[in-house]
Amino acid sequence: MTTTQPTADVVDSPVDWGAFTTEEIHAAMRGAYTELDAREEDAPTDGVLHRSIQLEETLRAATPLQYRYAGLLKDAFEREPLRDCVNLPQGKTAFRDATDFLAKTHGIRANEAASRLRLAASLTPARVTDVERKDDVGETHLPILSRFQGQVHPGKLTSALSMLDEIDRNAEAAGRDETFRTKLRQLTEKDLAEKIEHTTPEEFSRYVSQRKKDLLASIDPPEGNFIQAHTNMMYDVRRIGPVRGNKNAIGYEMVVDPECDEILQTYLMGRTNPRGKDDRDTDLDTRSRGHRRMAALCDALKFVTANLDKTGFRGASGAHAQMLVLIDYPTLLDGLRREIGDHLPEISAAQRDRLLATLAKDRENTRPGSTGTHLAEVPGDTNGTHPPPDTPPSTIRLGDNVISLPPPKTTSIDDILDDDNLDRLHPRISQGVYTPYFPPDILLRMHCDVGVTPVTLTGNQQVLSVGTAVRHFREHIRRAIQARDRGCAVPGCHVPASLCEIHHVQPWSRGGATSTDNGVMLCSHHHAAIHAQALKITKVDGEFRFILHPLIDPDQQPRVNYFFQT
């Protein structure tokens, strides 16, 4: 990209910036962007490329100041005597750490906030208030790369920094001393600086990846005599994600020790050996070897999951680890209707609905303390296979109350074109807490093999359940709350349910029920924040909502966490 050099005669006279407050300078910059936008024509004109490059360079020139602010905010958050600078109390706050503080107050993603803090620690001079920095005050950890702040794409600097950090960690694990590591860092930094300016982000990323492999190989000891600390650095089990965009093919990467390798090989070879079949099994297995090995590993993990309650392994809050697969009540009801329709096509849709209601009522009446949850009678045609399109929404009866349910979810856009919103469009008819999609056939197979917890929700994520007069949440209530919230319910938090605790919204000691209506999933940080009065919770239209810190939400409006609900 061509760099536009500023000239001394851009303005007739120097600007006396000291005469302006910080707020006035920022207002002037925003006004300048608005004016530039107003000047631009609706069609391309001469100089449009030059003006676009100027804007890109102007915006990029602000990144060194961003990194500096990030470092200062980190110091203010982590040193309690300095928290008055950012209007935070000492002790527990609504923010988990400096990264969370920067992300939530600036409205950016957590990984971007973490990246800014890493760049601040390496590319800005050490501050007296940053006690974690090993550099002397005023010194920069990476002085050569720091000169490219505001000149190159921030992604390039992030790639370079990540590579240098990984090389240094591996060199330390390999037993190399500080002198060796410092020289290696300086040599590598110089090499990267020679490539960072005149390459595209893609080219530089590829160069960094290859150079990292070469350097890691050079650090490895001769003849493979790794020390244990260096070996421990290599162990990993990592979820890569969908392979080539296929949501039914999820890639993983594993690095295991010899014991795990022996166990895996023994099990996989035994399960996939054609000679291990029973003589009566004459069916030809047409699956590929890789497919068979994946299925064998899945069978082993399903067996482990189904028997976790017998091992003493426990999850958050002392609860046994659970596997949940979620499907909302209207969609489940629609699926059952279609299933019965396929098996009993000779009877009318109205008769099938009455049969389904009878089965549901009979099942509920067999449970102790049942409130009699069952389907209310839904009118339909007398001869058709399914209820007509204008059939009213499904209803269920909960005790003496009849609850109306919205139409079921669908994967077809054609089904919802006449609806008021897109809530019914759902590409994941059934889903897990971690896996966004389960095909229906897999869901049915898991129900047989693993013991999937059946939790039904109404269309607005309300659980159909009854509270109990005990302090600790019993297993069936815990599963229902986990299925409803699926993770920490505080807006902006991404901690999954398996790592969360259940909080009594109305304290049990003050008469609060141990029920789904009074329980909410919270991570340990936000659970402590609630008890420290750093976070407020309320209920609006039967839904738990949170009033966040004024630095995040100046309007102090009750808000919902949509991360796990989409």
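We did not get these values from a lab; they are worked out from the coordinates using the rules stated. This one's a predicted model, so the numbers in the text were calculated from it and none came from an experiment. Glycine gets a Cβ as well: all are built from the backbone with ideal geometry, and neighbour counts include every protein chain shown.
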Checklist line | Alpha carbon centroid spacing (whole Å) that separates the range 111-141 from the range 143-189 | finding: 14
Item checked: Inter-centroid distance (Cα atoms) of the range 516-566 relative to the range 50-110, Å -> 23
Check: When only DSSP loop residues count, what GluC sites (Glu not before Pro) in the range 90-142 have their Cβ near at most 10 other Cβ atoms within 10 Å?
Finding: Glu132
Next item on the list: Using packing as a proxy for protection, rank 532-543, 238-249 so that the peptide with the highest average count of other Cβ atoms within 10 Å comes first.
Entry: 532-543, 238-249
Item checked: chymotrypsin sites (Phe, Trp or Tyr not before Pro) restricted to the range 9-66 and DSSP loop, no more than 14 other C-beta within 10 Å -> Phe20
Note to self: Rounded to two decimals, what is the ratio between the C-alpha radius of gyration of the range 482-566 and 2.2 N^0.38 Å?
What the structure shows: 1.02
Next item on the list: Among the listed pairs Lys302/Lys539; Lys74/Lys195; Lys104/Lys536, give every one whose C-alpha distance is greater than 26 Å.
Entry: Lys302/Lys539; Lys74/Lys195
Check: For the range 151-222, what does the equivalent ellipsoid look like in terms of its semi-axes, each the square root of 5 times an eigenvalue of the Cα gyration tensor, given largest first in whole Å?
Finding: 23, 12, 9
Check: Sorted by average packing, counted as other Cβ atoms within 10 angstrom per residue and highest first, what order do 87-98, 119-130 take?
Finding: 119-130, 87-98
Notebook entry, point to check: What is the Cα convex hull volume of the range 63-210 when expressed per residue in Å³?
Noted result: 125
Note to self: Rounded to two decimals, what is the ratio between the C-alpha radius of gyration of the range 49-94 and 2.2 N^0.38 Å?
What the structure shows: 1.76
Check: Can you work out ³J(HN,Hα) from phi for every residue in the range 285-300, in order, using Karplus 6.51 cos²θ - 1.76 cosθ + 1.60 and θ = phi - 60°, giving whole Hz and x for Gly and Pro?
Finding: 7, 8, 6, 5, 4, x, 4, 5, 5, 4, 5, 5, 5, 4, 4, 5
Note to self: Through the Karplus equation 6.51 cos²θ - 1.76 cosθ + 1.60, θ set to phi - 60°, convert the phi angles of the range 531-545 into ³J(HN,Hα) values in whole Hz; use x for Gly and Pro.
What the structure shows: 6, 8, 6, 8, 8, 10, 10, 9, 10, 10, 6, x, 10, 6, 9
Item checked: Loop-located GluC sites (Glu not before Pro) in the range 157-213 whose Cβ has at most 11 other Cβ within 10 Å (DSSP) -> none
